[in-house]
Amino acid sequence: MAVGAFRNATCPQCGTPFRQERRQGRPFTYCSPECKALASRRNKGSEGPGSSPYDDDLQAVGEDIDQLANNLLAAIHNGDGPYELLWIVAEVQRSLQDFTALNIARGRARGQTWDQLGAPLGFSGERLRKKWPMSMITRRLDNYRANRAARQAGQPAVSPAVPSQRRPPAEEADTDNDTATAAPFATQTPPQQLAGALSFLQRRTGKPLRQTAAETGISPSHLSRLLAGTRRPSWPVVKNLVAACDGNPHEVRPLWENAHRPTGPLSAPTQPDVASAGDPGQARAQLRDALRGLYLAADRPDLWRIRAATADTLTIGHIARALTSPHLLGWSVTSRLVFALGGRPADLRPLWHTATRPTPVIPSSPPPTTHQHFMADAFG
């Protein structure tokens, strides 16, 4: 066998064909040093389905995207101009690029080929590999991790997150106006919202935890964990707890359902199950219960605080009708209220659309026509 000759081979890591040099010693098994390093990490067991080193990054980038989406909606509600909105869009695009790079690296580490990873993006494997070389992905992820560590430590970013020019201060901000600086109630995860609602109901009773736990049928330590949000209770337990606190289970049920739905980065919006039933009457009732549940999770603030959280874009009448009236308000009003209460408008929009459908009218049986013939014995 002549030294320096080549033969065709396939990389066992990425499946890419390459020319393998026939040389003394062990031949090159992988098409590149990157593939060799990825295969080495995978063989050590660090890339099992449940223990990926990218899991923390995946969760963090997903939370960044979720927060930026909320920031964008808040800016729209506050009437920000195109310039301010485009700055947020630039940040969203950067985070989406981080998310793409992260998932390509994660997929390669799990042994997926370039063709497999390129298919969802509409790229061939070769085009994806040229657009996202592993060297660039590594630099991007290192940069993201450094910036995230700096943010957690309260330090300035290691490198700019958006283009180098600085965003000018808002010229129209009025620091003397309380309503101008009012912010929506803090956005919480569904488990936190459920725990907040249950905690408010329990505190409102004035009963000791031990007494509430006994009336609910659980131990005091279990009740403490439920109210702290570290445990997700079953519905019978929640129903008993709400009854012990003289609450309304219909208001808490949407919070409990959201808390038990799968969560994670870029998860699909959640909505009450009735939305799929297509009954406008039920949807209206459940939409009102969902709004009252968010109101409960926010500790039932007075309506003036809610109005301030919407930057005075809603009136007290709007808020009161949304929480009490069986009649629906427009989506613009509803979404502003949901956002102000710390919820996610996208979660309730399908339910609102179902609730606004006209109630189907079941036609009555037509009366007999004069052309119908009856048997003689029908009249006796």
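Looking only at the range 97-140, count every residue that is touching a residue at least 24 places away in the same chain (Cβ under 8 Å), within 14 Å of residue 58 (Cβ to Cβ) and of a type outside the set (A, V, I, L, M, F, W, C) and tell me the total.
Going through the range 97-140 one residue at a time, the tally reaches 5.
All but one of (1) under 21 Å from residue 356 (Cβ atoms); (2) at pLDDT 90 or above hold for residue 285; which doesn't?
Against the list (1) under 21 Å from residue 356 (Cβ atoms); (2) at pLDDT 90 or above, residue 285 comes up short only on (2).
Just checking, does the range 223-232 include any residue being outside any helix (DSSP H, G or I) and within 19 Å of residue 300 (Cα to Cα)?
yes
Would you call residue 240 polar (S, T, N, Q), modelled with pLDDT under 90 and in a helix (DSSP H, G or I)?
When the stated conditions are applied, residue 240 does not pass them.
Residues are listed down the side, and each one gets a yes or a no for (1) under 30 Å from residue 345 (Cβ atoms); (2) outside any loop (DSSP other than H, G, I, E, B); (3) modelled with pLDDT of 85 or more:
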position	(1), (2), (3)
69	yes, yes, no
79	yes, no, no
136	no, yes, yes
148	yes, yes, no
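Kindly indicate whether residue 292 is modelled with pLDDT under 90, closer than 21 Å to residue 319 by Cα and of a type outside the set (A, V, I, L, M).
In short, no.
Please determine, by comparing only the residues of the range 54-67 that are of a type outside the set (D, E, K, R) and touching a helix residue (DSSP H, G or I) at 6+ places or on another chain (Cβ under 8 Å), which one is modelled with the lowest pLDDT.
Checking each candidate, the answer is 54.
Yes/no per residue for (1) under 19 Å from residue 54 (Cα atoms); (2) among the basic types (Lys, Arg); (3) at pLDDT 90 or above; (4) in contact with a Lys or Arg (Cβ under 7 Å, 6 or more places away or on another chain):
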| residue | (1), (2), (3), (4) |
| --- | --- |
| 73 | no, no, no, no |
| 85 | no, no, no, no |
| 96 | yes, no, yes, no |
| 111 | yes, no, no, yes |
| 120 | no, no, yes, no |
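What pairs come out if I take residues in the range 231-257 that are under 16 Å from residue 289 (Cβ atoms) and pair them with residues that are in a loop (DSSP other than H, G, I, E, B) and not small (Gly, Ala, Ser) whose C-beta lies under 6 Å away, six or more apart or interchain?
Once the first residue is under 16 Å from residue 289 (Cβ atoms) and sits in the range 231-257, its partners that are in a loop (DSSP other than H, G, I, E, B) and not small (Gly, Ala, Ser) give 254/272.
Of the numbered conditions (1) modelled with pLDDT of 70 or more; (2) farther than 25 Å from residue 113 by Cα; (3) over 26 Å from the mean Cα position of the chain (by Cα); (4) of a type outside the set (Lys, Arg), residue 24 fails exactly one; give the number of that condition.
Condition not satisfied by residue 24: (1).
The values are calculated or read from the model by the stated rules, or taken from the named source; none is laboratory data. Remember, it's a predicted structure, so these values are computed and weren't measured experimentally. Positions of Cβ are generated from backbone atoms using ideal geometry, with glycine treated the same way; all protein chains shown enter the neighbour counts.
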